[in-house]
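None of the figures in this text is laboratory data; all of them are computed from the coordinates on show. If you're wondering where the values come from, they're calculated on a predicted model, not measured in any experiment. Heads up, the Cβs are rebuilt from the backbone with ideal geometry, glycines too, and the neighbour counts pull from every protein chain shown.
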Ligand SMILES: Nc1ncnc2c1ncn2[C@@H]1O[C@H](COP(=O)(O)OP(=O)(O)OP(=O)(O)O)[C@@H](O)[C@H]1O
Ligand SMILES: [Mg+2]
C-alpha cells in the first residue's frame with residue numbers, strides 16, 4: 001500500500017508537492033480552507049488549521065502530517081502528537097519558525113551568527129536599543145509576519161507607538177539594521193533518523209519585503225560562503241531537530257559575515273528553482289524527508305538557474321490569456337502558476353530558466369515573467 005501524507009494548508013507549496021507525490025506513488029491529501037485553494041487537486045478535507053477536531057479527523061490515519069504554512073498553534077500541534085499523529089516537523093522544532101523572538105533566543109544560545117537584537121515592550125526600550133545601534137533598527141512582530149508584513153525600519157522610536165499599542169502586551173523584536181551586500185538562502189532537508197542533504201546556497205532579491213528573484217547557486221559563493229552557509233543550516237537543522245525542508249534566510253554583510261535572518265520549516269520560495277534546476281526538488285525532498293525515506297541528490301542540472309516570481313498578475317484579462325505568447329516567445333523557460341486570483345503584490349506564479357550563461361538566463365526568466373505583469 002502506498003504511504004500517505006497529509007498536508008495542512010492548500011496554498012502553492014502544497015500544490016507543488018502534488019506532482020512530486022504522484023511520481024513517488026504517494027497518497028497525498030490536503031486539508032484546505034476553501035475548495036478552490038491552489039492545491040485543489042489533492043484537497044480531501046475542508047477545515048481550519050486552528051481546529052483540533054478538524055486536524056484530528058484529517059490526520060488520524062495518514063502516515064505523516066506536514067504543512068504548507070507555519071500557522072498551526074503550538075497547543076494544537078501538541079494535542080495532535082499526544083493523540084498519536086506523526087507530525088513532521090514536530091512542535092519542538094516548529095516553535096522556532098513560528099516565533100521570531102524564540103528563534104533569536106535559541107540561535108543566540110547555539111552561537112549561530114545573528115544580528116544584534118532585543119525584545120522590547122515599550123517605546124523607551126526601543127529608543128534605548130536604537131541609541132545603541134546608530135539610531136536605526138528593524139522592528140518585527142514576533143508572530144504572524146510574512147512577505148514583509150510585520151517588519152518595519154524605525155529611525156525614531158516614537159514612530160512605532162502604534163505597533164506597541166497594537167501588540168496588546170506581546171513583546172516585539174528589534175534588530176540592528178544590517179548593512180548587507182545581498183540576501184542568501186540555504187535550504188537543507190533532514191529526516192527524523194538524521195540524514196541531511198543540502199542544495200547550493202542561493203541569492204535572493206527582495207522587493208518591498210517580498211522575494212522577487214532567486215539565482216542558484218549564488219554568484220561568487222563557491223568556497224567559504226557556500227561552506228559557512230551549509231554549516232549554519234546543518235547546525236540549525238540538527239540542533240533544533242528540524243525534519244523536512246528547512247530554509248535559512250541569511251544576510252551577507254558588507255564586511256563579509258553571514259548572519260541568519262529567519263527560519264522557515266517547509267519548502268520555501270527561494271527553493272522553487274529546484275523543481276526544474278536540481279536532481280531532487282525541494283517538494284520531493286520534503287516528502288521523502290518527512291516520511292523518513294532516503295533523500296535524493298541535490299546537484300544542479302544547469303550551471304545557473306534563475307527563478308522570477310510572478311507578483312500580482314495581469315490587471316486586465318487572465319494569466320491563461322497570456323500563455324500563448326509567453327510560451328511561444330520563451331520556449332526554454334518553465335512556467336508555474338498557482339491558479340490564484342491576481343491581486344497586487346500577490347505571488348501567483350513563478351518562472352525558471354537555466355543555462356550556462358547567467359546573464360542570458362536572467363534575461364529569459366525576466367522576459368517570461370514580464371508577460372504576466374499589468
Ligand atoms: N535586521 C534587518 N536588517 C536589514 N534588513 C532586514 C532586517 N530584517 C529584515 N530585513 C529585510 O526585510 C525583509 C523581510 O524580513 P523578514 O524575513 O524578517 O520578514 P517576513 O515578512 O517574515 O519575511 P518572509 O516573507 O520571508 O516570511 C528581509 O528579507 C530583509 O530584506
Ligand atoms: Mg523573510
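Each 10 Å bin from zero up to the one holding the largest Cα-Cα distance in the range 123-184 carries the following percent of pairs: 22, 54, 22, 2. For the chain, the Kirkwood estimate of the hydrodynamic radius, built from every pair of different alpha carbons, is 21.3 Å. Residues of the range 309-339 with amide nitrogen under 20 Å from the 7 Å Cα-to-Cβ point of residue 367? Flagged as within label range: 309-311, 322-336.
One decimal place: the segment residue 110-residue 83 gains 6.6 nm when fully extended, by the rule 0.36 nm per residue minus the C-alpha distance.
One Cα centroid belongs to the range 18-77, the other to the range 197-239; the line between them spans 28 Å. Working from the Cα coordinates of the range 285-374, the gyration tensor eigenvalues give, after taking √(5λ), semi-axes of 27, 19, 10 Å in decreasing order. Normalised by the number of residues in the chain, the average gap of Cα pairs under 8 Å and 6 or more apart makes the relative contact order 13 percent.
Explain nothing, just the number: relative contact order of the range 110-171, from Cα pairs under 8 Å at least 6 residues apart, as a whole percent.
Details: 54 pairs, mean separation 22.9, N = 62.
Answer for the range 110-171 is 37 percent.
For the chain, a Gaussian network of Cα nodes joined below 10 Å ranks 150, 111, 354 by mean-square fluctuation, and the top entry is 111. In this rough spin-label picture, where each label sits 7 Å from Cα along the Cβ direction, the residue 48-residue 102 distance is 2.1 nm. So the label point goes 7 Å from the Cα of residue 332 along Cα→C-beta, right? Which residues of the range 264-278 then have their backbone N under 20 Å from it? What the label zone holds, given the 20 Å backbone N cut-off, is 273-278.
Indicate, rounded to the nearest 5 percent, the antiparallel portion of the DSSP beta bridges found entirely in the chain. Could you put the intermediate results ahead of the total?
Numbers: 56 of 69 bridges.
Antiparallel bridges make up about 80 percent of those DSSP assigns within the chain.
Estimated purely from DSSP H runs of n ≥ 4, each contributing -39500 (n - 2.57), the mean residue ellipticity at 222 nm for the chain is -9500 deg cm²/dmol once divided by its residues.
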